[in-house]
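A.B. asks: One structure, pasted below without further comment.
Only the coordinates and a few stated rules stand behind these numbers; no lab work does. If you're wondering where the values come from, they're calculated on a predicted model, not measured in any experiment. Because the Cβ atoms are built from the backbone with ideal geometry, glycine has one as well, and the counts that use them run over all protein chains shown.
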Ligand code: ZN
Ligand code: CU
């Protein structure tokens, strides 16, 4: 069995608010006492002096459904110390959907050639046949279910269609999915009434599933959307996670005061959590509704005008002699970054008790939002070390044991004997995101070594080529 010893590191276990210098020994895929190693003298040894050893980070909000296959090194994530990603967010999953032209925002994951798994089991088999460097836990997207079962997405689903979606959902859960996400803000699900969502989320209960949501509104009606989300969780009696919580648009800045108050109230009586990414700009497909409230818009990809990738929409519109809306129309299909949040709201959400970190990175965008490569080091370097929003132990806890508990990832997110050796070794003095809005595909600084299931997947600033990643199922603890 492969053995590994990490000496002299400052160990942050992911759970307790303390740091201890000690040796971590790994045998096979798990952490064991040093005495139990068979060959401690010949085991691979890492000297972690002046470095922190922590559980690998869990990226709770990703769109990596296809990336795990198209780039199994998972470099954008593993270079940040991430060892597990939760896929299928915002109502969008790669499976189960086959032979259909994916409507926006499903096309964030690819085109009709990429949507080729008619069941979650087929998708899982494809991933496991050639596994990635890091782990994934799969969610089913409500919009994907709609696209797979409905001929017209601009109406509520009929009882028959809800039944058919429910069967697909049951099958996906049986294949190891952990839950269902919704993206009620987006066209494919915007016409789904709350009752449709409750009917589907209710089916998760029998599977011990979880529900995550890109809420119907994150702007003027964000408080109403929080209330809708709370109602869905309560009536379905299923744990809920509010994705990338924010208040978008100048007129709505400050509204997180009220939403967070409402969320902590609900937390007294039901399971409710949230995640956040550490930026004041959002990113998704290019949509007319978003144009007016954004202070600045950068085009991340355009199928029809790829020469405009990475440029400001205002500049493009100026060159073309048209308004922003006409220019956006001409760029379709396309994606964009929208500067539309306030730093105070962002910091308020980051400081909310047990707020988890999710990158929401869009790995197939040509000029992606820097959150794809920078999220975790930015929280640790900028918000924790430089601004002092929380202690390093607390920041690590939000990235490890909190998400492991919320998403039911047993023996992950913690350093203790018997736990799986998903680990990151980083330099707390230098860790920082390097990805910027101008140049976003840049690995962060300060990540020394990343270990997944006892195997080193990232070292010396590059992937090792090992692919020990697994599909993780949800275990309610
Ligand atoms: Zn979203
Ligand atoms: Cu998302």
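A.B. asks: From the helices alone, meaning DSSP H stretches of at least four residues, give me the mean residue ellipticity at 222 nm for the chain, per-run term -39500 (n - 2.57), in deg cm²/dmol to the nearest 500.
C.D. replies: Numbers: 16 runs with 133 residues, N = 477.
The per-residue figure over the chain is -7500 deg cm²/dmol.
A.B. asks: Over region 65-198, what number does the Rg to Rh ratio reach, with both radii from the alpha-carbon atoms and Rh per Kirkwood? Walk me through the numbers before you get to the answer.
C.D. replies: Numbers: Rg = 14.5 Å, Rh = 14.9 Å.
Over the Cα atoms of region 65-198, Rg/Rh equals 0.97.
A.B. asks: Next question. Can you give the extra length, in nm with one decimal, that the chain gains between residue 221 and residue 44 once fully stretched, where that is 0.36 nm per residue apart less the Cα-Cα distance?
C.D. replies: Additional length available on full extension: 58.2 nm.
A.B. asks: Continuing with this model, one more query. Please work out whether region 1-137 counts as rounded, prolate or oblate from its C-alpha gyration tensor, where a ≥ b ≥ c are the square roots of the eigenvalues and a/c under 1.5 means rounded, while otherwise a/b larger than b/c means prolate and anything else oblate? Don't jump to the answer; show the numbers that get you there.
C.D. replies: Numbers: a/c = 3.41, a/b = 2.28, b/c = 1.50.
Cα axes put region 1-137 in the prolate bin.
A.B. asks: Another question, then. Kindly express, to the nearest 10 degrees and within the range 0 to 90, the angle between helix 222-236's C-alpha long axis and the longest C-alpha principal axis of the chain.
C.D. replies: Roughly 70 degrees between the two axes.
A.B. asks: In what sequence, highest mean first, do 439-451, 51-63, 15-27, 260-272 appear when ranked by Cβ atoms within 10 angstrom?
C.D. replies: Numbers: 439-451: 20.8, 51-63: 28.6, 15-27: 16.7, 260-272: 14.8.
My ranking of the peptides, most packed first, is 51-63, 439-451, 15-27, 260-272.
A.B. asks: Order by neighbour count: 373, 301, 320, fewest other Cβ atoms within 10 Å first, most last.
C.D. replies: On the way: 373 28, 301 24, 320 14.
The fewest-first ordering by Cβ neighbours comes to 320, 301, 373.
A.B. asks: Kindly identify region 362-477 as rounded, prolate or oblate by the Cα gyration tensor criterion: order the square roots of the eigenvalues as a ≥ b ≥ c, call it rounded if a/c is under 1.5, otherwise compare a/b with b/c, prolate if a/b is larger, else oblate. Don't skip to the end; give the middle numbers.
C.D. replies: Numbers: a/c = 1.59, a/b = 1.31, b/c = 1.21.
The shape class here is prolate.
A.B. asks: Taking a ≥ b ≥ c as the square roots of the eigenvalues of the Cα gyration tensor of the chain, is the shape rounded (a/c under 1.5), prolate (a/b larger than b/c) or oblate?
C.D. replies: Values: a/c = 1.56, a/b = 1.37, b/c = 1.14.
Prolate, because a/c is 1.5 or more and a/b exceeds b/c.
A.B. asks: For the chain, take the longest principal axis of its alpha carbons; what is the angle in degrees between that and the long axis of helix 194-203, to the nearest 10 within 0 to 90?
C.D. replies: Compared with the principal axis, the helix lies near 30 degrees.
A.B. asks: I'd like to compare 154-163, 452-461, 421-430: which one has the highest average count of other Cβ atoms within 10 Å, and what's the full order after that? Working shown, then result.
C.D. replies: On the way: 154-163: 13.8, 452-461: 20.0, 421-430: 23.4.
Descending packing order for the listed peptides: 421-430, 452-461, 154-163.
A.B. asks: Same structure, new question: Would you mind calculating the relative contact order of the chain from Cα pairs under 8 angstrom and at least 6 residues apart, reporting the percent as a whole number? Intermediate results must be reported in sequence, preceding the final value.
C.D. replies: Working: 1229 pairs, mean separation 99.5, N = 477.
Computed value for the chain: 21 percent relative contact order.
A.B. asks: Expressed as an acute angle from 0 to 90° and rounded to the nearest 10, what is the orientation of the C-alpha long axis of helix 159-174 relative to the principal long axis of the chain?
C.D. replies: Orientation of helix 159-174: about 10 degrees from the principal axis.
A.B. asks: Measure out, as a whole number of angstrom, how far apart the alpha-carbon centroids of region 1-39 and region 156-196 sit.
C.D. replies: Answer, in whole Å: 42.
A.B. asks: A further question on this structure: Mind jotting down the distance between the C-alpha centroids of region 250-308 and region 69-137, whole Å?
C.D. replies: Cα centroid to Cα centroid, the span is 23 Å.
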